[in-house]
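S.K.: Here's a structure for you.
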Amino acid sequence: MHGKRNPPIGARPGTLAIPEDARPPQITVVSYSAAALTTRVIEDPRDLADVAGDDHVIWVDVQGLGDGDVLRQIAAAFNIHPLALADVVNVPQRPKLEIYDDQIFFVGRMILLDGAFTAKVEQLSVFLGHRYVVTFQERADDGDVLDPVRQRLSQNVGLIRSAGADYLAYAIIDTTIDSYFPVLEIVTERLEVLESSVLDGDADDVLAQLSRGRAVLMELRRALWPEREAIGALLREPSELVSDGVRPYIRDTLDHCVQCVDVVEIGRELAASILGTHVSVVSNRTNEIMKVLTLMSAIFIPLTFIAGVYGMNFLDMPELSLWWAYPMVLAVMLIIAMSMVAFFYHRGWLGRTRRRRTGRKRQSG
């Protein structure tokens, strides 16, 4: 579970809870049309007032949430509601969709697999307005899952430059959903490898690996279920900010989200199955060890009885004065031990005689 950053108890609505180690915002503005595209970094957020009035489609990408004054200036430039800005900063929020008079606010999750069964999750907030999209990311990293969208814009691939801001918002949301597929593929492949290792008895740290895998699946489920509801609400709720031409693409994104949810549930079932298989393998291995120890104890019980009888210190025991008594007792003990071993082996209690014999009967049948 991620600890949510909350303002102090009793604080006024819209209070921003910014951690001390948060990075300052980096503002990148992409302005484009079908014929041209410009990208620039904004140092002073007050310059966004002029950018917002441009005739081109504007994408304002804000990476980092470490300066409350800068964030408030950005919110003022695009008329972002204080409660929505608080949802942006006080992460993590449950993925959701909110529709305002002149904006649509979407909260989602971006996820990257960092190492073996270790997920790096980041909140993505998207504001869709008339001819502009504003996105907020928690961290200012060198690369994220939105790089394909930036490449499509720069290379003018598809409809993204000729369509409106609603298509850009769709492309951003769709890219975040599609980024789940490689993560799910890696997680399920590792679970399948782990399952094979468990069946072969070669897996080490099974419980630790399963715990990490289930944690990643739980994180994916926690993100995808509400995102599916939010994307569905975007289709159901009427808004002039989303054109009829973009709705089929959003419907396709919803389908991708449903597919991801199905894969997550399959992965969770697979993880539970692996855990049950591991417990069964360990139990069977323990039973085999206990069986061997029990058979060894059964073999030594009559030998211990004989040794106990002839170990008693009575003067009138007749065999003690005979020279062949000691070899005879050892021979009798050896015969008893070998007879019991042969009996156990014939019954299939020792070794795999019964299993092999059963397999031969099935083959002959």
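The values are calculated or read from the model by the stated rules, or taken from the named source; none is laboratory data. Quick caveat, the model's predicted, so the values are computed rather than measured. So basically every Cβ, Gly included, is an ideal-geometry build from the backbone, and we count neighbours across all protein chains shown. The accessibility values were calculated without ligands, DNA or RNA, using every heavy atom of the protein model including side chains. Shrake-Rupley method; radii C 1.70, N 1.55, O 1.52, S 1.80 Å.
S.K.: Can you work out D for the chain in µm² s⁻¹ from Stokes-Einstein, where Rh is the Kirkwood radius over C-alpha pairs, the temperature is 4 °C and the viscosity is 1.567 mPa s?
M.R.: Working: Rh = 25.9 Å.
Stokes-Einstein gives a translational diffusion coefficient of 50 µm²/s.
S.K.: Of 176, 277, which has the most accessible area and how do the rest follow, probe 1.4 Å? Mind dumping the intermediate values first?
M.R.: Numbers: 176 5, 277 35 Å².
Putting 176, 277 in descending order of accessible area: 277, 176.
S.K.: What's the carbon and sulfur percent of the chain's accessible surface, probe 1.4 angstrom, rounded to a whole number?
M.R.: Numbers: 11300 of 20260 Å².
Heavy-atom surface of the chain belonging to carbon and sulfur, 1.4 Å probe: 56 percent.
S.K.: Further question: If a helix is a whole DSSP H run, which ones in the chain reach 27 Å or further along their own axis (Cα) and hold a mean Kyte-Doolittle hydropathy of at least 0.0?
M.R.: Details: long enough: 180-200 (30 Å, 0.58); 206-236 (44 Å, 0.17); 247-309 (92 Å, 0.66); 325-347 (33 Å, 1.60).
Helices passing the filter in the chain: 180-200, 206-236, 247-309, 325-347.
S.K.: Leaving ligands, DNA and RNA out of it, work out the accessible area of residue 255 with a 1.4 Å probe and give it in Å² to the nearest 10.
M.R.: Roll a 1.4 Å probe over it and residue 255 shows about 70 Å².
S.K.: Mind listing which GluC sites (Glu not before Pro) in the stretch 210-274 are in a DSSP loop and have 10 or fewer other Cβ atoms within 10 Å? Numbers along the way, then the final one.
M.R.: Values: sites: 219, 227, 229, 240, 265, 269; in loops: 240.
Of the GluC sites (Glu not before Pro), the ones in loops of the stretch 210-274 whose Cβ has at most 10 other Cβ atoms within 10 Å are 240.
S.K.: Please return the longest stretch of the chain lacking exposed loop sites, where chymotrypsin sites (Phe, Trp or Tyr not before Pro) count only if DSSP places them in a loop and at most 11 other Cβ atoms lie within 10 Å. It would help to have the intermediate numbers written out before the result.
M.R.: Working: sites that count: 314, 323, 324.
Longest run free of exposed loop sites: 1-313.
S.K.: At 222 nm, what value in deg cm²/dmol follows for the chain if DSSP H runs of at least 4 each add -39500 (n - 2.57) and the sum is divided by all its residues, to the nearest 500?
M.R.: On the way: 10 runs with 195 residues, N = 365.
So the calculated ellipticity at 222 nm is -18500 deg cm²/dmol.
S.K.: A further question on this structure: Counting only C-alpha contacts under 8 Å and six or more residues apart, can you give the relative contact order of the chain as a whole percent? Please report the intermediate quantities before stating the final value.
M.R.: Details: 454 pairs, mean separation 47.2, N = 365.
Over the chain, the number comes to 13 percent.
S.K.: Here's a follow-up. Using amide H atoms built 1.01 Å from N in the peptide plane, name the residues 5+ places from residue 119, or on other chains, whose amide H lies under 5 Å from its own.
M.R.: Sorted by chain and number, the residues that satisfy this are 114.
S.K.: Under 5 Å between amide hydrogens, which residues at least 5 positions from residue 66 or on another chain qualify, with H placed 1.01 Å from N in the peptide plane?
M.R.: Excluding prolines and chain starts, which carry no amide H, the hits are 23.
S.K.: How big is the gap, in Å, between the Cα center of the stretch 61-125 and the Cα center of the stretch 251-313?
M.R.: Computed from Cα coordinates, the inter-centre distance equals 47 Å.
S.K.: Kindly give Rg over Rh for the stretch 16-165, based on alpha-carbon atoms, with the Kirkwood expression for the hydrodynamic radius.
M.R.: Working: Rg = 15.2 Å, Rh = 16.0 Å.
On the Cα set of the stretch 16-165, Rg over Rh gives 0.95.
S.K.: Just add up the charged neighbours of residue 34: K/R +1, D/E -1, any other residue whose Cβ is under 13 Å from the Cβ of residue 34.
M.R.: Values: positive: 161; negative: 55.
Charge balance in the 13 Å sphere: 0.
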